[in-house]
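A.B. asks: Have a look at this one before I ask anything.
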Amino acid sequence: MGKPSEQTIEIVARGIWIENSKVLLCRNLAAGYSYFPGGHVEFGEPASLALEREFAEECGENIKAGRCLLTGETTFTQNRARRHEFNIVFHVEPAPDSSAAPPRATSAVPRPIRSLEPHIAFEWVPIAALPSSTVLPKWLADELPALIEQLGRSTQAPPGGAIRDPHTKTCGTSVAWMSAIES
């Protein structure tokens, strides 16, 4: 075993924001891959609040983290270093009390989300395209279409925007678990 500082498990809160059969992704402009928006949870910070903070920092969006949809872990190599992440994935949508938020999309095309950081960009991607995309972690991109179906949700948003009421009885209290540990 190495030093504790070399062997850490990163806790990452990620958000699934769906509008009009599309999901919001964040693209790393230098590396070319995409991921579900969010970021690292700080010590003592609830994961849902970390996600809300990360959205505000990265794109200026005031969102509300809803129900935890699933959790999962993955290990991977990045820049020749081994990484180990534990992901907590939430349903998100714009905060209802945000008077500063731009109007929600009413057309088939969700409104653009601008990045406040020069190394990333945000884009809306059809949910059905996720399994064939360059979204990381791959297990989450592969699992999301089936998860939406399992939860009894349509990928079509109701009039006015995002999927509503993340606290459905269909979900119960269980949270799906996915693991993609490399050997």
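Let's see how each residue does on (1) at pLDDT below 80; (2) over 24 Å from Glu10 (Cα atoms):
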residue	(1), (2)
Asp97	yes, yes
Ala121	no, no
Val125	no, yes
Thr134	no, no
Ile148	yes, yes
Thr170	yes, yes
Ala176	yes, no
Ile181	yes, no
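A.B. asks: Counting only residues that are within 21 Å of Gly32 (Cα to Cα) and in a strand (DSSP E or B), how many does the range 45-83 have?
C.D. replies: 8
A.B. asks: Given the options Glu57, Glu61, Glu52, name the one that is loosely packed, with under 14 Cβ neighbours inside 10 Å, more than 23 Å from Ala146 (Cβ to Cβ) and of a type in the set (Asp, Glu).
C.D. replies: Criteria check complete, one pass: Glu57.
A.B. asks: Related question: List the number of the failed condition for Pro96; all other conditions in (1) in a strand (DSSP E or B); (2) more than 26 Å from Ala128 (Cβ to Cβ) hold.
C.D. replies: All conditions pass for Pro96, except number (1).
A.B. asks: Sort out which residues of the range 49-88 are of a type in the set (Gly, Ala, Ser) and closer than 19 Å to Pro112 by Cα, and write them in order of number.
C.D. replies: Ala56, Gly60
A.B. asks: Just one of the numbered conditions (1) at pLDDT 90 or above; (2) within 18 Å of Leu24 (Cα to Cα) is not true of Arg153; which one?
C.D. replies: (1) is the only condition that Arg153 fails.
A.B. asks: Separate question: Would you mention how many residues in the range 1-37 are modelled with pLDDT of 90 or more and under 18 Å from Arg83 (Cα atoms)?
C.D. replies: Residues in the range 1-37 being modelled with pLDDT of 90 or more and under 18 Å from Arg83 (Cα atoms): 12 in total.
The values are calculated or read from the model by the stated rules, or taken from the named source; none is laboratory data. Fair warning: this is a prediction, and the values are worked out from it, not measured in the lab. All Cβ positions, glycine included, derive from the backbone under ideal geometry; neighbour counts span all protein chains shown.
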